[in-house]
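Single-structure report; data block below.
We did not get these values from a lab; they are worked out from the coordinates using the rules stated. For clarity, every value in this text was computed on a predicted model and none was experimentally measured. Cβ atoms come from the backbone with ideal geometry, glycine included; neighbour counts cover every protein chain shown.
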Amino acid sequence: MTSQTITAAASGTWTLGDLTVNRMGFGTMRLTQHGEAFAPEAVPRDRDQAIAVLRRAVELGVNHIDTAAFYFSSSRSANELVNRALAPYPHELVITTKVGPGRDPSGQWLPHATPEQLRGQVEENLRQLGRDHLDVVNLRIVGSDSIAERFGALADLRAAGLIRHLGLSNVRGHHLAEARSIAPVVCVQNMYGIGAAPEQKELLDICGEQGIAFVPFYSIAGTGRTAGATDGHSAEVRSVARSHGVSAAQIRLAWTLHQGSHVLAIPGTGDLGHLAENVAAGGLRLSEGELLGLAAASDETA
């Protein structure tokens with residue numbers, strides 16, 4: 001299989017509310033700088049290259065872009081890059097963004113937004129993206145505290161027409177139940193991939209039962225997280241990759257998509273070659289034996 005000829009359509013589709021997307025999407029977190037994401041000392045990525053990657057992603061059939069106003073470096077903003085590269089936006093393009101955390105101009109993380117501050121964050125995303133409404137807004141949290149007030153504030157903005165659909169990020173099962181008692185939830189973004197703990201899969205399964213998209217982050221990087229992918233793949237991952245003639249990263253993505261028809265992928269990269277490989281991973285088909293072997297694998301990066 002040649003990655004140049006495979007588009008995101010090979011991954012199949014899912015609906016975020018009333019919005020249909022290909023299951024292989026694109027995350028913008030790594031577009032703003034080289035090296036570890038969110039590191040203030042990191043070198044900004046070439047702007048023209050980042051724009052070229054975004055445009056190529058859409059050419060390859062990607063119609064689900066994940067971004068956030070807090071994805072920025074000293075001289076690059078992911079939302080601004082999305083706007084510059086893709087506006088006027090194709091009607092089938094779905095842009096998902098996140099609110100909750102924030103960063104100051106130096107790149108330092110700030111405390112979670114209050115319910116009152118969330119409107120400002122939504123308006124910031126609208127302004128940067130050049131939109132009159134946001135397709136999907138995920139509330140990203142840390143910890144186990146109630147999210148009722150914060151999610152309720154976003155539900156009010158949804159009722160006002162600024163947001164079309166709502167989702168959650170980095171949450172636990174009780175957060176999903178709490179949110180669904182306030183407003184519909186179309187997606188959950190949580191860390192997940194080969195080597196994930198059983199309790200992480202529980203929420204994936206719950207989402208499937210409730211018809212909610214589950215969108216893993218760090219499915220390639222694993223515990224490398226913001227630093228990105230490493231070479232620490234297990235022997236099983238490397239073996240399956242060799243048998244298919246693809247990279248270990250592609251196998252990790254394919255395995256993740258095989259976890260359910262409601263599972264979406266949003267790998268990010270600033271490299272055109274890696275982009276084509278990521279999209280092509282949506283066309284990989286793994287056998288039951290391979291899936292079981294990968295699930296049992298102990299992986300240094302997961």
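With the chain treated as a Gaussian network of Cα nodes joined by springs under 10 Å, which of Leu292, Leu93, Leu275 yields the largest mean-square fluctuation?
Top of the fluctuation ranking is Leu292.
In nm, give the distance between the simple-model label positions of Ala148 and Thr15, each being 7 Å from the Cα along the Cα-to-Cβ direction.
3.1 nm
So what's the net charge close to Ile147: Lys and Arg +1, Asp and Glu -1, counting the other residues with Cβ under 12 Å from its Cβ?
On the way: positive: Arg140, Arg150, Arg172, Arg180; negative: Asp145, Glu149, Glu178.
Overall, the nearby charge balance is +1.
Can you tell me the convex hull volume per residue for the stretch 239-302, based on C-alpha atoms, in Å³ to the nearest whole number? Could you put the intermediate results ahead of the total?
Working: hull volume 6.1 nm³, N = 64.
Residue-normalised Cα hull volume stands at 96 Å³.
Output the peptides 209-217, 177-185 sorted from most to least packed, where packing is the average of other Cβ atoms within 10 Å over each peptide's residues. Don't jump to the answer; show the numbers that get you there.
Values: 209-217: 19.9, 177-185: 16.3.
Top of the packing list down: 209-217, 177-185.
Can you give me the angle between helix 248-257 and the longest principal axis of the chain, using Cα atoms only, in degrees from 0 to 90, rounded to the nearest 10?
Between helix and principal axis, roughly 60 degrees.
For the stretch 54-213, report the convex hull volume of the alpha-carbon atoms normalised per residue, in Å³, without decimals.
Details: hull volume 21.5 nm³, N = 160.
Dividing the Cα hull volume of the stretch 54-213 by its residue count gives 135 Å³.
Roughly how big is the chain's charge dipole about its Cα centre, with Cβ charges of +1 (Lys, Arg) and -1 (Asp, Glu), in debye to the nearest 20? Before the final figure, lay out the partial values.
Details: 25 positive and 31 negative charges, 86 e Å.
It works out to roughly 420 debye.
What span do the alpha-carbon atoms of the stretch 115-165 cover on each of the three principal axes, reported in whole Å from largest to smallest?
Principal extents (Cα only, largest first): 33, 20, 18 Å.
For the stretch 144-206, what mean projected area does the convex hull of the alpha carbons give, in nm²? Show your work: numbers first, answer last.
Numbers: hull surface 17.7 nm².
Here the figure is 4.4 nm², rounded to one decimal.
At what distance in nm do the modelled label points of Gln210 and Ala296 sit from each other, each positioned 7 Å from its Cα along Cα→Cβ?
Label at Gln210, label at Ala296, 3.3 nm between them.
I need the shape label for the stretch 66-143. Rule: rounded when a/c is under 1.5, else prolate if a/b > b/c, else oblate, with a, b, c from the alpha carbon gyration tensor. It would help to have the intermediate numbers written out before the result.
Details: a/c = 2.13, a/b = 1.40, b/c = 1.52.
Note, shape of the stretch 66-143 comes out oblate.
Grab the beta carbon distance between Arg238 and Arg172, set R0 = 35 Å, and tell me the FRET efficiency rounded to 0.05. The partial results should precede the final answer.
Values: r = 33 Å, r/R0 = 0.94.
So the FRET efficiency works out to roughly 0.60.
Provide, for q = 0.12, 0.14, 0.16 Å⁻¹, the log10 of I(q)/I(0) from a solvent-free Debye sum over equal Cα point scatterers in the chain.
Log10 of I(q)/I(0), two decimals: -0.74, -1.04, -1.39.
Can you tally the net charge around Ala276? Count Lys and Arg as +1, Asp and Glu as -1, for every other residue whose Cβ sits under 14 Å from the Cβ of Ala276. Provide the component values of the computation, followed by the final result.
Numbers: positive: Arg55, Arg56; negative: Glu59, Asp271, Glu277.
Around Ala276, the charge tally is -1.
Please give the FRET efficiency for Glu116 paired with Leu272, using the beta carbon to beta carbon distance and R0 = 45 Å, rounded to the nearest 0.05.
On the way: r = 42 Å, r/R0 = 0.93.
Once rounded, the FRET efficiency stands at 0.60.
Grab the Cα-Cα distance for Glu288 and Glu92, subtract it from 0.36 nm times how many residues apart they are, and report the gain in nm with one decimal. Walk me through the numbers on the way to the answer.
Numbers: separation 196, 0.36 × 196 = 70.56 nm, distance 3.34 nm.
That works out to 67.2 nm of additional length.
Relative contact order (percent) for the chain, with alpha-carbon contacts under 8 angstrom and 6 or more residues of separation?
On the way: 611 pairs, mean separation 61.9, N = 302.
This gives 20 percent for the chain.
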